[in-house]
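The values are calculated or read from the model by the stated rules, or taken from the named source; none is laboratory data. Worth saying up front: this structure is predicted, and the values here are computed from it rather than measured. Using ideal geometry, Cβ is built from the backbone for each residue, glycine included, and neighbour counts are taken over all protein chains shown. For the accessible areas, the whole protein counts, side chains as well, though only heavy atoms, and no ligand, DNA or RNA atoms are used. Shrake-Rupley method; radii C 1.70, N 1.55, O 1.52, S 1.80 Å.
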Amino acid sequence: MKLRILLTGKNGQVGAELAALLPRLGEVAAFDRQELDLSKPDQIRQTIRDVQPSIIVNAAAYTSVDQAEKEEQQARIINVDAPALMAEEAKRIGAALVHYSTDYVFDGSSSLPYTETDLPNPVNVYGKTKLAGEEAIRAVGASHLIFRTAWVYGTRGRNFLLTILRLATEREELRIVGDQVGAPTRSHEIAQGTAKILEHLSQQGREAIPKLGGIYHMTAAGKTSWFEFAKAILEQASRIRRGIPWFETATKGQPLVARRVTAIGTEEYATPARRPAYSVLSNSRLKEDFALELPTWSFQLSSVFAEARIND
């Protein structure tokens, strides 16, 4: 069965990767924020009715964790109201909704990887709106898949990888939080995982779509801290050749001058939004139901730089 897919957030970190992968599964109508404004319900409703998709993939979100603390209403419009409306329209036309959520729905008090059945307890506005979005989708009763991911990064947009590379051109010492632990996950891997699952569903036929339902954790295997992640980024960056477009954009063509990375505590790096100290997610359900397991965070990071060297 060829799918008809409506994709939102086509220029985002995950959305851009999906826009490149999903056409092999069928017809894709992809929209960016200018083409589909998620703060306008009528526009969402009309777009879905015009496209008549079998699958809606919502890769758009309000993701500015700190900014959300003072823009809660806007965060709720994008992270709660918009996906709820997508779910309503999906149910109306017999489509399924694929949506992305976050590790920040948990408070970080655990010492073991969180499972899908663990009780969420977000500690910031961003996490609260993402959890409310999950609950709104489930309340509608539409066919859906919600993928919780974590510490997303890639070679575009705003993320930790690109921030560290920029800072490494400006400072000899980088002071990075060392007591927050998670699983950095490459946007390309999230998109690939999503595409594999949708391909599996397309092979099962249209009757598989109404049976979809549930939350799945989809993150890199393993765990690390922001401090260790930063060190790994600089180690990989030290071996890359200049001239790679995304690398040159991140560094603005300047040499890396950082010579050391120092671990600091969360209390030494004040931010408007609290972060969970431990937000590692268990991916066992994803493996059991879809035979899908993302590579380790370290392999994913090395693959970004390896591809850059290959494509040089």
Requested in this report: Mind listing whichever residues of segment 134-154 are in contact with a Ser or Thr (Cβ under 6 Å, 6 or more places away or on another chain) and open to solvent by less than 20 Å² (accessible area, probe 1.4 Å)?
Outcome: E134, I146, R148, T149, A150, G154
Requested in this report: Kindly indicate the residue of segment 1-29 that is open to solvent by 30 Å² or more (accessible area, probe 1.4 Å) and over 14 Å from T194 (Cβ atoms) and also farthest from the chain's Cα centre (by Cα) among those meeting that condition.
Outcome: M1
Query raised in the report: Taking segment 44-69 as the search range and keeping residues that are within 29 Å of A270 (Cα to Cα) and among the charged types (D, E, K, R), which one is least open to solvent (accessible area, probe 1.4 Å)?
Result: D66
Query raised in the report: Which one of these is polar (S, T, N, Q) and either more than 26 Å from K231 (Cα to Cα) or in contact with a Pro (Cβ under 7 Å, 6 or more places away or on another chain) (or both): T194, T149, T185, T155?
Result: T194
Report summary line: Taking segment 275-310 and keeping only residues that are free of Cβ contacts under 8 Å to residues at least 40 places away in the same chain and open to solvent by less than 70 Å² (accessible area, probe 1.4 Å), one is left with A306
Query raised in the report: Can you name the number of the only condition in (1) modelled with pLDDT under 95; (2) open to solvent by less than 10 Å² (accessible area, probe 1.4 Å); (3) closer than 27 Å to P255 by Cβ that G157 fails?
Result: (2)
Requested in this report: Considering only residues that are farther than 11 Å from V304 by Cα, at pLDDT 90 or above and open to solvent by less than 100 Å² (accessible area, probe 1.4 Å), look in segment 230-243 and name the one that is farthest from the chain's Cα centre (by Cα).
Outcome: S238
Report summary line: L131 fails exactly one of (1) open to solvent by less than 30 Å² (accessible area, probe 1.4 Å); (2) touching a residue at least 40 places away in the same chain (Cβ under 8 Å); (3) among the hydrophobic types (A, V, I, L, M, F, W, C), namely (2)
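For segment 92-109, name all the residues that are on the phi < 0 side of the Ramachandran plot and open to solvent by 40 Å² or more (accessible area, probe 1.4 Å).
Hits for segment 92-109 are R92, I93, D107, S109.
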Report summary line: The residue that is modelled with the highest pLDDT, considering only those in segment 244-253 that are open to solvent by 90 Å² or more (accessible area, probe 1.4 Å) and not charged (D, E, K, R), is T249
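Of these, T271, T219, which one is among the hydroxyl-bearing types (S, T, Y), in a loop (DSSP other than H, G, I, E, B) and either under 19 Å from the mean Cα position of the chain (by Cα) or modelled with pLDDT under 95 (or both)? Spell out the reasoning first.
Values: T271 fails: either under 19 Å from the mean Cα position of the chain (by Cα) or modelled with pLDDT under 95 (or both).
Of T271, T219, the one residue that is among the hydroxyl-bearing types (S, T, Y), in a loop (DSSP other than H, G, I, E, B) and either under 19 Å from the mean Cα position of the chain (by Cα) or modelled with pLDDT under 95 (or both) is T219.
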